[in-house]
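Asks: Quick one: the structure is below, and I'll ask about it shortly.
The values are calculated or read from the model by the stated rules, or taken from the named source; none is laboratory data. As the structure is a computational prediction, the values presented were derived from the model and not from experiment. Note that we place each Cβ from the backbone using ideal geometry, even for glycine, and neighbour counts take in every protein chain shown.
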Amino acid sequence: MGNNEFDLVILSDCVLDIYYRVGELPIKVGDVAVSDIIALSPGGACTTALVTRKLGLNVAVIDKVGDDPFSDILIKYLNDNGIHTGFIKRVHGFVTISNNIITNNGHAFMGYLGVGRELTVDDIDENIIKNSRAIYINGFYASFTVGIVNTFIETIRTAHKHSVQVFLDVGPAINNRDLIISLIGLSNTVFMNEDEMKRLFGDLENLTNFTGSTGIIAIVKLGSRGAALVRNGKIKWCKPYDTGNIVTTIGAGDTFNAAYITGIIRDLDPVESCNLGNRIAFLRTQHLTPMELPEIREIIK
């Protein structure tokens, strides 16, 4: 890593996922649904942290979690997988929880927004950013609170000051559209799925025009159809991988991001990194949780 302490620092949306599997959805008023499994795993941006670590990067997380037992579990899982948690601040309250309810035909979420939405610039040490090769910001909370957008903007400016690459996932993009677009304009690489792209830009042509000659790389994840890589006014298509035997697609997008970022840090070009993202995202769908993924660093050696 040279003089860099970390290959990647991950900022915001480190959550605890709880998985259930039921016979069918929706679960209606008066129904009694019993899951035949339960599993816990780091989720959100910490899925990205977990997968980048499995791909061989040295990874740290900056976030806020609570003083609750779920936060204890989350931090233990991260530590057990070799992810640096010393920059996670613990405060009174609860970590963000996502209850992931899956069936053979899809999934639903029920969650709670925890103390992570209160992350501020004061929680982030500039030296951590300075001594990293890249930062990854998960923009989930940007749809729900304006304050954290300011935190992201200041962190991105700090990264650029020290010539640190900035990767951004736009999050669901259901609110605060203009603020999220401003974050995109400040980033080096942005990730979104097709629905998020439509909410922000309407269509791929508008996204292509927006990025234009800015040098921003935008990647639109298309599920079983692969991904579109938008750069310098041109679109390149990244091939999909086999989509058979899917256990769940939850976290596949976060996994794609992890593999793409790892590819770039390991000096693959953007298209190669995009194809790697599809490959590792497919592997993610073969397991209930990302913790079940095997060590996969040999894939890009």
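Asks: For the structure I just gave you, tell me whether Leu16 is closer than 14 Å to Phe109 by Cα, modelled with pLDDT of 95 or more and of a type outside the set (Val, Ile, Thr). Lay out the reasoning, then the answer.
Replies: Numbers: closer than 14 Å to Phe109 by Cα: yes; modelled with pLDDT of 95 or more: yes; of a type outside the set (Val, Ile, Thr): yes.
It is true that Leu16 is closer than 14 Å to Phe109 by Cα, modelled with pLDDT of 95 or more and of a type outside the set (Val, Ile, Thr).
Asks: In addition: Considering only residues that are under 20 Å from the mean Cα position of the chain (by Cα) and part of a helix (DSSP H, G or I), look in the range 210-231 and name the one that is surrounded by the most Cβ atoms within 10 Å (Cβ to Cβ).
Replies: Step one: filter the range 210-231 for residues under 20 Å from the mean Cα position of the chain (by Cα), giving 216-230.
Narrowing further to those that are part of a helix (DSSP H, G or I): 223-225.
Numbers: Gly223: 17, Ser224: 13, Arg225: 14.
Among them, the one singled out is Gly223.
Asks: Sticking with this one: For the range 1-33, which residues satisfy the criterion of being over 27 Å from Asp123 (Cα atoms) and hydroxyl-bearing (Ser, Thr, Tyr)?
Replies: Listed by number, the residues that qualify are Tyr19, Tyr20.
Asks: Quick one: would you say Leu207 is within 30 Å of Ile148 (Cβ to Cβ) and either without any contact (Cβ under 8 Å) to a residue 24 or more places away in the chain or basic (Lys, Arg) (or both)? Step through it out loud before you land on a result.
Replies: Numbers: within 30 Å of Ile148 (Cβ to Cβ): yes; either without any contact (Cβ under 8 Å) to a residue 24 or more places away in the chain or basic (Lys, Arg) (or both): yes.
Yes: the conditions hold for Leu207.
Asks: Next question. Return only the number of the condition from (1) under 22 Å from Asp123 (Cβ atoms); (2) within 18 Å of the chain's Cα centre (by Cα) that Val190 does not satisfy.
Replies: (1)
Asks: For the range 62-99, which positions are charged (D, E, K, R), free of Cβ contacts under 8 Å to residues at least 12 places away in the same chain and under 21 Å from Thr52 (Cβ atoms)?
Replies: Here is the first cut: in the range 62-99, the ones charged (D, E, K, R) are 63-64, 67-68, 72, 76, 80, 89-90.
Filter once more, keeping what is free of Cβ contacts under 8 Å to residues at least 12 places away in the same chain: 72, 76, 80.
Listed by number, the residues that qualify are Lys76, Asp80.
Each row is one residue, and each column tells you yes or no for (1) within 18 Å of Ala45 (Cβ to Cβ); (2) β-branched (Val, Ile, Thr); (3) touching a strand residue (DSSP E or B) at 6+ places or on another chain (Cβ under 6 Å).
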| position | (1), (2), (3) |
| --- | --- |
| Ile137 | yes, yes, yes |
| Phe144 | yes, no, no |
| Ile148 | yes, yes, no |
| Thr151 | yes, yes, no |
| Ala159 | yes, no, yes |
| Ala173 | yes, no, no |
| Arg177 | no, no, no |
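Asks: Next question. Report whether or not Gly185 is part of a loop (DSSP other than H, G, I, E, B) and either in contact with a Pro (Cβ under 6 Å, 6 or more places away or on another chain) or modelled with pLDDT of 95 or more (or both).
Replies: Details: part of a loop (DSSP other than H, G, I, E, B): no; either in contact with a Pro (Cβ under 6 Å, 6 or more places away or on another chain) or modelled with pLDDT of 95 or more (or both): yes.
Criteria not met by Gly185.
For every residue, the table says whether it meets (1) surrounded by fewer than 14 Cβ atoms within 10 Å (Cβ to Cβ); (2) in contact with a Pro (Cβ under 6 Å, 6 or more places away or on another chain); (3) farther than 22 Å from Leu16 by Cβ; (4) not small (Gly, Ala, Ser).
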site	(1), (2), (3), (4)
Asn99	no, no, no, yes
Ile102	no, no, no, yes
Gly106	yes, no, no, no
Tyr112	yes, no, no, yes
Asp122	yes, no, yes, yes
Asn131	no, no, yes, yes
Tyr136	no, no, no, yes
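Asks: What are the pairs with Cβ atoms under 6 angstrom where one residue, in the range 270-281, is under 20 Å from Gly215 (Cα atoms) and at pLDDT 95 or above and the other, located anywhere, is part of a helix (DSSP H, G or I) and among the aliphatic types (A, V, I, L, M)? Sequence gap at least six, or different chains.
Replies: Cβ pairs passing all conditions: Ser273/Ile264.
Asks: Same structure, new question: Checking the structure you have, find out if any residue of the range 153-168 is under 17 Å from the mean Cα position of the chain (by Cα) and surrounded by fewer than 16 Cβ atoms within 10 Å (Cβ to Cβ).
Replies: no
Asks: Restricting attention to the range 19-44, and to residues there that are out of contact with any Ser or Thr (no Cβ under 7 Å at 6 or more places or on another chain), of a type in the set (A, V, I, L, M) and not in a loop (DSSP other than H, G, I, E, B), which single residue is surrounded by the fewest Cβ atoms within 10 Å (Cβ to Cβ)?
Replies: Ranking the qualifying residues of the range 19-44, first place goes to Ile38.
Asks: Could you pull out the residue among Leu168, Leu207 that is closer than 18 Å to Cys274 by Cα and in a helix (DSSP H, G or I)?
Replies: Working: Leu168 fails: in a helix (DSSP H, G or I).
None of the other options fit; the residue is Leu207.
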